[in-house]
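In what follows, a structure is listed as structure tokens, so that the remarks can point back to it.
The values are calculated or read from the model by the stated rules, or taken from the named source; none is laboratory data. Treat the numbers as computed from the prediction; the structure is a model and nothing was measured. Glycine also receives a Cβ, built like all others from the backbone with ideal geometry; neighbour counts cover every protein chain displayed. Protein only, heavy atoms only, side chains kept; ligands, DNA and RNA dropped before computing areas. Shrake-Rupley method; radii C 1.70, N 1.55, O 1.52, S 1.80 Å.
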Amino acid sequence: MQVTETTLLCAFDYAVGRSTYVVPEVTKDILQVADTLTDNAKFYMIKELNRRYSVNALGMEQDKKEWLKVLDALKGGTNA
């Protein structure tokens, strides 16, 4: 099943910084399509992840690690 970019952004907004079981699923989905996202979507996610990182608001430690992988992938790093 393919997910639209809009749906992925909604899931991102819901999951980032929350203590929820859905974080691994959302981060996995973003990593799978990171190279196909529009520049606007990437900019938005990078800006939000950086903002939350700066105030230590990426969620629990295991979630923070996943969000930092997403941030790296969105900036053009690896997504593994």
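Rundown of residues vs (1) closer than 18 Å to SER19 by Cα; (2) over 11 Å from the mean Cα position of the chain (by Cα); (3) modelled with pLDDT under 95; (4) of a type in the set (Lys, Arg), yes/no style:
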residue: GLU48; (1), (2), (3), (4): yes, no, no, no
residue: ASN56; (1), (2), (3), (4): yes, yes, no, no
residue: LYS69; (1), (2), (3), (4): yes, no, no, yes
residue: LEU74; (1), (2), (3), (4): no, no, no, no
residue: GLY77; (1), (2), (3), (4): no, yes, yes, no
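When segment 49-63 is filtered for residues that are in a helix (DSSP H, G or I) and crowded, with 18+ Cβ neighbours inside 10 Å, the ones remaining, listed by number, are LEU49, ASP63.
In segment 27-45, how many residues are over 14 Å from ASP13 (Cβ atoms) and open to solvent by less than 40 Å² (accessible area, probe 1.4 Å)? Residues in segment 27-45 being over 14 Å from ASP13 (Cβ atoms) and open to solvent by less than 40 Å² (accessible area, probe 1.4 Å): 3 in total.
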